[in-house]
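Student: Pasting a structure here, questions to come.
The values are calculated or read from the model by the stated rules, or taken from the named source; none is laboratory data. None of these values were measured; they are calculated from a predicted model. Here the Cβ is made from the backbone with ideal geometry for all residues, glycine too, and neighbour counts use every protein chain on show. In case anyone asks, the SASA skips ligands and DNA or RNA and just uses the protein heavy atoms, side chains included. Shrake-Rupley method; radii C 1.70, N 1.55, O 1.52, S 1.80 Å.
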Amino acid sequence: MRRVTILGATGSIGQNTLDLIARAPDDFQVVALTGGRNIAQLAADARRHRAELAVTAHPDLLEDLRGALAGSDVAVAAGADALIEAAQRPADWTMSAIVGVAGLAPGLAALEQGGTLALANKESLVTAGPLMLATAARYNARILPVDSEHSAIFQALIGEDRAAVERVIITASGGAFRDRPVADLAHVGVEEASTHPNWDMGQRITIDSASMFNKALEVIEAKEFFALDPSQIEVLVHPQSTVHALVGFNDGALMAHVGPPDMRHAIGFALNWPDRRHLPVARLDLASVGRLDFSVPDPARYPALALAWQVMAAGGHAGAIFNAAKERALDHFIAGRIGFVDMSALVAQALDHGLCDAPKSDITLESVRRCDHLTRQQMDRLIAA
Ligand code: NDP
């Protein structure tokens, strides 16, 4: 029986994780579930899975959570410290699926237990990669990737000599505006940016797919996770979203991971690792897929993508600046204050200002939080100007 905790249980990744756990109730015991504002979902899942503890990030919702779990054995708590306590409860496996930089501190706390951290929260590696990896090494913990591209790379590397890796190719669907004339992008709206051609995800990550900010985060995440040189990472547009990533070796071989666009594959792989077990995902019928297309992303269509290489070259807190600037630009786009193409231009400006740089060894939870805060303030000033 594996003891599991899910940070961000009420979100898309959290719900998919619980779906898989519900299918194998004899294999998993739920320790703690955390959520944000969706108290009804959090309480329902905590009851259903007989969790020991349910935590909301928002102290003002504690009484609602207590009321929703009245008569159950589930302990309740709220706030940032309670999220850390949830992550510190003894567990063998923890899913890090809080969205944004808010996921960093609970993820670090979970690593300090020395168990396995299934990492969906890409912001952790983007903003604080060296800190995450050093914490995992110090406490003898293991990080398993959950982003589908990184899970694909991880799987393609099993049994391989890491020194023989020449390159990694991450695929991108191209998002909502893959076929739209570039000149039209200045006028596209929030609703159309929120429609993904292949994956069913939340609004923010879907818009980030259309701009390729999401792919830029994944490139940085891959560099950190697999200790790659930035020159070893390539991105190809692959509209079918069937090949999630490829690893190229020094003998010319390319190992591809092929699967349906269903996050339960990558989540289930991490949940069952090191075993492979049956997963309820569709089996690909390659004959009906018919063809697989690949092309180089157009830099004029996806200017956010090149910023990933700028961030990797700068190091230090550039990842934290990039993530915070992108988050804030997205807030303003969704609120209708800036246009779609303004997002990458403003994030590039924030990176050029480089407000909070420091050598790698100085990256701490506090320095990342401070950098995040300063950058969001700066973005608001840039947008107001
Ligand atoms: P969602 O927005 O669907 O869910 C986010 C979760 O975090 C919810 O449980 C939410 O609670 C909680 N939450 C929100 N804000 C806070 C906060 N300030 N403090 C604590 N908890 C908070 O996100 P996803 O599940 O889509 O994504 C989670 C992470 O996984 C992200 O980093 C994303 O980039 C990554 N990812 C997602 C993929 C996907 O397919 N969705 C694919 C690969 C990676 P509530 O809803 O109750 O308010």
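Student: Considering (1) out of contact with any His (no Cβ under 8 Å at 6 or more places or on another chain); (2) under 19 Å from ALA345 (Cβ atoms); (3) of a type outside the set (D, E, K, R), say which one SER194 fails and leave the rest.
Tutor: Status for SER194: all satisfied but (2).
Student: While we're on this one: Going residue by residue through the range 203-224, is there one that turns out to be within 11 Å of the ligand (Cβ to nearest atom) and of a type in the set (Gly, Ala, Ser)?
Tutor: Looking for residues that are within 11 Å of the ligand (Cβ to nearest atom) and of a type in the set (Gly, Ala, Ser), one finds at least one in the range 203-224, hence yes.
Student: So is ARG328 out of contact with any strand residue (DSSP E or B) (no Cβ under 7 Å at 6 or more places or on another chain), surrounded by fewer than 22 Cβ atoms within 10 Å (Cβ to Cβ), closer than 29 Å to SER194 by Cα and not hydroxyl-bearing (Ser, Thr, Tyr) or not?
Tutor: Taking the combined requirement at face value, the residue does not satisfy it.
Student: Can you tell which of ALA44, ALA40 is over 30 Å from ARG376 (Cα atoms), open to solvent by 40 Å² or more (accessible area, probe 1.4 Å) and within 11 Å of the ligand (Cβ to nearest atom)?
Tutor: Just a single option satisfies the conditions, and that option is ALA40.
Student: Moving to a separate point now. Can you tell me which condition ILE21 does not meet? The list is (1) within 11 Å of the ligand (Cβ to nearest atom); (2) of a type in the set (Val, Ile, Thr); (3) not in a loop (DSSP other than H, G, I, E, B), and all the others hold.
Tutor: Result: ILE21 passes all but (1).
Student: Is it fair to say ILE170 is of a type in the set (A, V, I, L, M), over 22 Å from LEU83 (Cα atoms), touching a Pro at 6+ places or on another chain (Cβ under 8 Å) and surrounded by 22 or more Cβ atoms within 10 Å (Cβ to Cβ)?
Tutor: Answer is no for this residue.
Student: So which strands (runs of 3 or more DSSP E) stay within the range 55-165 end to end and still have 2 or more residues that are in contact (Cβ under 8 Å) with a residue 12 or more places away in the chain, of a type in the set (S, T, N, Q) and open to solvent by 40 Å² or more (accessible area, probe 1.4 Å)?
Tutor: Qualifying strands (runs of 3 or more DSSP E): none found.
Student: Evaluate the range 75-94: report whether one residue or more is touching a helix residue (DSSP H, G or I) at 6+ places or on another chain (Cβ under 7 Å), farther than 26 Å from PRO280 by Cβ and charged (D, E, K, R).
Tutor: Among the residues of the range 75-94, not one is touching a helix residue (DSSP H, G or I) at 6+ places or on another chain (Cβ under 7 Å), farther than 26 Å from PRO280 by Cβ and charged (D, E, K, R), which makes the answer no.
Student: Take the conditions touching a residue at least 40 places away in the same chain (Cβ under 8 Å), within 21 Å of VAL235 (Cβ to Cβ) and either of a type outside the set (Val, Ile, Thr) or surrounded by fewer than 24 Cβ atoms within 10 Å (Cβ to Cβ) (or both) and apply them to ASP179. Does it pass?
Tutor: So ASP179 does not fit the description; no.
Student: State whether the residues of the range 262-279 include one that is part of a loop (DSSP other than H, G, I, E, B) and among the small types (Gly, Ala, Ser).
Tutor: No, that holds for no residue.
Student: Which of the residues that make up the range 187-199 are closer than 17 Å to PHE213 by Cβ, touching a Phe, Trp or Tyr at 6+ places or on another chain (Cβ under 9 Å) and surrounded by fewer than 16 Cβ atoms within 10 Å (Cβ to Cβ)?
Tutor: VAL190, GLU192
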